[in-house]
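Here the structure is laid out as structure tokens; the discussion comes afterwards.
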Amino acid sequence: MPQPKHVTPSNGDPLLLIGTMKGAFIARGDGRRRSWEVGGPYFPGHAVYAMALDGREGRRRIWAGPNSMHWGGMLHSTDDFGRTWTNPVVGNVKFPQDAGAVLKQIWQIAPGRAHEPETLYCGVEPAALFVSRDAGETWSIVEGLWNHPHRPKWQPGGGGLCLHTIILDPERPATIRIAISTGGMYVTEDGGANWRASNSGVRAQFLPDKYPEFGQCVHKVVQAKGRPSRMFLQNHWGLYRTDDRGETWTDIANGVPSDFGFPIGIHPSNADTAWIVPLESDEFRCTPEGKLRVYRTRDAGASWEPLTKGLPQDAAFETVLRDGLAVDAMSPAGVFFGTRSGKLFGSADEGDSWSLVADGLPPIISVKTAVA
Amino acid sequence: MAVLFIIPGALRALTGGRDEVTIDGAAGSLSHALSQLWTAYPALRDRVMTEAGDIRPHINVFVDGANARDIGGLAAPVGADAEVVLLPAVSGGCCGRPSAWARGSLPFRSHRRHASRRRRGPC
């Protein structure tokens, strides 16, 4: 097995948490986000779909959810940027024995709000939400969602029946939104006891009823931190915006080469700015015309502009997955994305120009930004 | 008499580095034998078994050379001096070359000697 290389971040250094099909990597950037050193691989041979940094209460704890096809998966954490990881004796995220389900993949890790520093959430496949109230020591399934009457009708998408998005409303402490492929978006307003579908206006191209209550294949949803009524949604065919916290969704695929794609990122302070990476179609999940283009809107989806400076525009048939793009909280905002061919690109100027952060990594599944 | 368990390389960090473990009183069914192994080395259980109580699909457990799935699964009989081998299947993205034993080209009687020489598992 490869011996991992380690990075030694200082307080305030920008970080990238990179999950790949063959392990996890941690990249440390300089203050300008131009130069990066990459540590890893951690959990070599394991698929790492989910990583997160928990910086609450003075922690600098990185979580990862590596999964082995042989030995299964569980959550591990490090407080020293990968030098040592916890290795739980028993699986910490697992279904109750009477649930009739077996954990296949950990898809998302979300630290709770600042006022609940011991709370974390975790989205998994098959689609379920888990919560920890003791800083990740023990986990339990959110019964209200698991017992939802819609659940037997949810269907697996190409990546499996996964709960891949967890959004904690910044103004409403009891409101959580999740998204499932293929089930759609759901919201609870009572902390998880009751859930309702929130897909009005979102198309289900693959169903006879194109606008069902649920069953959409939502690929990723992001919410504006300073204006939480505003969200953007990248669908399996379809690009949407809501200005009423998801009660209704409006098609905003104006001038993009395709409205099929996986990731979507939103600006940390400008709710009108978002980034996507369109793919040609569900049958050919590669960048259209062999051009790797990120598209950016600065007017909430009324128009989109291609961003190509520094990105390959010839025979670049790349794929960026749903968690493969992330936006940091710095100013100007940094945008980073990884491809299934193992290339990691970054922009420190909101997408105006791009450079290669790393190449030759295993297929990249997820990219998260953080600050050490 | 004790049941001999052969531990794959990927799990030896959970058995204090041991590649072989012998446990008294483990004879009976495979379910019973494994439960005794979990008692001695609790971190092994959730790596080998799902939370539903089944052997993980890409793990093979051999009892005296026979794949447990062919001889009754967890109900398979385990003799008082049996050899129980835990192995990752060739399927599932194994990162190394499968061992001669895993490929089935080495008879199980040779395995005890083979395993004791082989300090690194296939993964």
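Between A:ALA358 and A:LEU344, the built amide H atoms are under 5 Å apart, and every one of these is 5 or more places off in sequence or on another chain. Each helix, a run of at least 4 DSSP H residues, gives -39500 (n - 2.57); summed and divided by the residues of chain A, these come to 0 deg cm²/dmol at 222 nm.
Charge tally around B:ALA68: other residues with Cβ under 13 Å, Lys/Arg +1 each, Asp/Glu -1 each, net -2. Note on A:LYS291: accessible area approximately 70 square angstrom, rounded to 10, probe 1.4 Å, nucleic acids and ligands left out. Averaged over its residues, the range A:169-271 has an accessible area of 35 Å² per residue, based on protein heavy atoms and a 1.4 Å probe. When Lys and Arg each count +1 and Asp and Glu each count -1, what net charge do the other residues less than 11 Å away from B:ASP46, Cβ to Cβ, add up to? With Lys, Arg at +1 and Asp, Glu at -1, the neighbours total +3.
For the chain pair B and A, the interface hides roughly 1800 square angstrom of accessible area in total, found with a 1.4 Å probe.
Which log10 I(q)/I(0) values, to two decimals, does the protein assembly as shown give at q = 0.08, 0.11 Å⁻¹ under the Debye formula with one point per Cα? Log10 of I(q)/I(0), two decimals: -0.52, -0.93. When only the Cβ of Lys, Arg, Asp and Glu is charged (+1, +1, -1, -1), the dipole of the range A:6-98 relative to its Cα centre reaches about 220 debye. Backbone amide hydrogens, once placed in the peptide plane, bring B:ARG56 within less than 5 Å of B:MET49, B:THR50, excluding anything fewer than 5 places away on its chain. Accessible-area rank, largest first, for A:THR250, A:THR319: A:THR250, A:THR319, with all protein chains present and a 1.4 angstrom probe. Any idea how far the Cα center of the range A:1-69 sits from the one of the range B:1-52, in Å? That distance is 32 Å. Each residue was assigned an accessible area with a 1.4 Å probe, and for A:ILE365 the value is about 10 Å². Within 10 Å of the Cβ of each residue in A:88-94, the mean number of Cβ atoms contributed by other protein chains is 4.
Think of the range A:270-372 as a dipole: +1 on every Lys or Arg Cβ, -1 on every Asp or Glu Cβ, centred on the Cα centre; then among A:ALA333, A:VAL367, A:PRO278, A:VAL367 lies furthest on the positive end. Could you tell me the distance between the Cα centroids of the range A:209-227 and the range A:303-372, to the nearest Å? Here the two parts' Cα centres lie 23 Å apart. In sequence order, the range A:65-78 has phi-based couplings of x, x, 10, 9, 4, 7, 9, x, x, 7, 8, 10, 9, 9 Hz under the Karplus curve 6.51 cos²θ - 1.76 cosθ + 1.60, θ = phi - 60°, and Gly or Pro positions carry x.
Taking all protein chains together and a 1.4 Å probe, the residues A:MET69, B:MET49, A:MET21 rank A:MET69, A:MET21, B:MET49 from largest to smallest accessible area. Here the range A:59-189 is treated as a Stokes sphere of Kirkwood radius computed over C-alpha pairs; at 25 °C and 0.890 mPa s its diffusion coefficient rounds to 161 µm²/s.
The values are calculated or read from the model by the stated rules, or taken from the named source; none is laboratory data. As the structure is a prediction and not an experimental result, all values here were calculated from the model. Cβ atoms come from the backbone with ideal geometry, glycine included; neighbour counts cover every protein chain shown. Each accessible area value is taken on the protein alone, full model and side chains, heavy atoms only, with ligands, DNA and RNA left out. Shrake-Rupley method; radii C 1.70, N 1.55, O 1.52, S 1.80 Å.
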